[in-house]
Each structure stands twice: as structure tokens, then as C-alpha cells.
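Some notes on the structure that comes next.
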Amino acid sequence: MIKWIAAMLGYFMFRFPGAVLGFIVGTFLDNFGGSGKRPGSIFENVTRQSVSPADFELNLLSLCSIIIKADGQVNQRELDYVRQYFLSTYGKEKANAIFRTFNDVIKKREISAQRICTFMVQRTRYEVRLQMLHFLFGIAQSDGQVSKAEIQKLREIAGYFRVNQHDFESIMAMFIKSTDNSYKILEIEKTATDDEVKKAYRNMAKKYHPDRVVTENEAIRKGAEEKFKEVQKAYESIQKERGIS
């Protein structure tokens, strides 16, 4: 309520710029004086809507179904991977309720990756979308390999998620092995100096630290922990290879 009063006062005093400033300040006061929780970023509250746990789970499961169908066939191991993940994360009762809701929804409308990703971009932080992409790669790889069709679909989803190319390649390197995987995970070239390796590790450790993934979804939080471990393993591999202390 305070934010709207502040916006009106700001408009009368300084017109449109005053209204914007008043709204931002009022939002901060609303959050600070409300529930007693830490207010977080006032700019995030002004510019980004939140997503309910139910919407998050439903949209995540919709993206799962897109990846499962990406290569033109439904693989049982990929289905089992998704089901087991939801069961271990939410428990049998809630997981089954999520699956039932999903089945009801897909009967009524076509699943659009672009629509889902646009919805999530408007309501989630970048770090959360990185972990969602990591989870989707896990599904694609659960049958033993990631097909070209799945990589193409994952790249498409990454584009809709506004994930940059370096981050996409880093995540993909965790699932598609090559000789320079550790360097790809840290987003550096094999020719990087030892100091550049150390700096890259610090930057990646900050980017993928589980504390930066602010979400109520337990599955995504677990994914953040897994990715953080992959970053640590990549750095340790390069340390061993180069003898970096």
C-alpha cells in the first residue's frame, strides 16, 4: 500500500521520474515493515513477478516432457529418471499429485517451450534457470547418451531462457565428455595461465554456489549442489594436471 501512496506523491512533485522513485522507495518500506522477512532486492521486487511452487513444478515437468520427446521416441529410462527425481524430492503423494495435474493440463493445451521459458524468465533468477537447464541435461543423459536432437532442443531452451553461450557450453561439458571438459566447465581455454584458472574457478564457484539459487523447489536446489561439485571436480582435475597448489 505504501508503494502506491509514495508513487502518487512522487508524481505530483516530480511527475513520472518521481512516481518511479516513489514506487521503488515505497516497495522497500512495504517489504521492510511487513512480514519481518529479509526484504531482498527492491529492484527485483519491482521488476520481477514471483512464481508459485505449483506453477514452477508444472512448468519444470512440461520442459521435462519436451526433452523426453526431443529425439522422436519416449525412452523408459528418461521417464524413470524424471519420476524418481520427483518422488525422491517431493515424496510419493505430492509427486503423484503433480503428475496428475500435468496430465490434465497437457490434454487441454499444447506444450510450448518458448511460452514456458518466457514465463519463467519473467519470474525466476538467472541462477535458477541455469539449474533447470542442468536438470534437463541430466534427463537427456540418463539413457547413456545425449542425442543430437536433444542437444538441439536443449540449446533452443537455453536461448529462450536467455542463457549465454559460455554457460550453456559449461553445463553441456558436464554431460558430454571430451579431453578438455574441465576447461569447458570453468569456461576457459586450455591455454589459460594458472592465475587465469584460479580466477575462473573463483568466478564459477560464486556463480554456481547453492546459496545463490533462491527457490523453494528442492529439485533445483539439489541440482545446484551437483553442479557446484562438478565445478570443484573440474578445478581439482586441472590442479592435478598442472601441479597447481
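No value in this document is a laboratory result; all are computed from the given coordinates. These numbers were taken from a predicted model, which means no experiment stands behind them. Cβ coordinates were reconstructed from backbone atoms using ideal geometry, including for glycine residues, and neighbour counts include every protein chain displayed.
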| query | Is the shape of the range 39-175 rounded, prolate or oblate, going by the alpha carbon gyration tensor and its root eigenvalues a ≥ b ≥ c, with a/c under 1.5 for rounded and a/b larger than b/c for prolate? | reply | oblate
| Under the Karplus curve 6.51 cos²θ - 1.76 cosθ + 1.60, θ = phi - 60°, whole-Hz ³J(HN,Hα) for the range 122-133, x wherever Gly or Pro sits | 6, 10, 10, 6, 4, 4, 5, 5, 4, 6, 4, 5
| Point-to-point label distance, GLU169-ASP80, nm (Cα→Cβ direction, 7 Å offset) | 3.5 nm
| said: Among 239-245, 130-136, 226-232, how do they line up by average Cβ neighbours within 10 Å per residue, starting with the highest? | reply: 130-136, 226-232, 239-245
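Taking a 29 Å limit on the Cα-Cα distance, which of the listed pairs LYS94/LYS184; LYS94/LYS222; LYS69/LYS199; LYS177/LYS206; LYS94/LYS207 fall beyond it? Before the final figure, lay out the partial values.
Working: LYS94/LYS184 37 Å; LYS94/LYS222 18 Å; LYS69/LYS199 39 Å; LYS177/LYS206 24 Å; LYS94/LYS207 31 Å.
Among LYS94/LYS184; LYS94/LYS222; LYS69/LYS199; LYS177/LYS206; LYS94/LYS207, the Cα-Cα distance tops 29 Å for LYS94/LYS184; LYS69/LYS199; LYS94/LYS207.
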| Using the Karplus equation 6.51 cos²θ - 1.76 cosθ + 1.60 (θ = phi - 60°), what ³J(HN,Hα) coupling, rounded to whole Hz, does each residue of the range 79-93 give in order, writing x for Gly and Pro? | 4, 5, 4, 5, 4, 5, 5, 5, 5, 6, 7, 10, x, 4, 5
| task | Go through 183-196, 72-85 and give me the packing order, highest mean Cβ count within 10 Å leading. | result | 183-196, 72-85
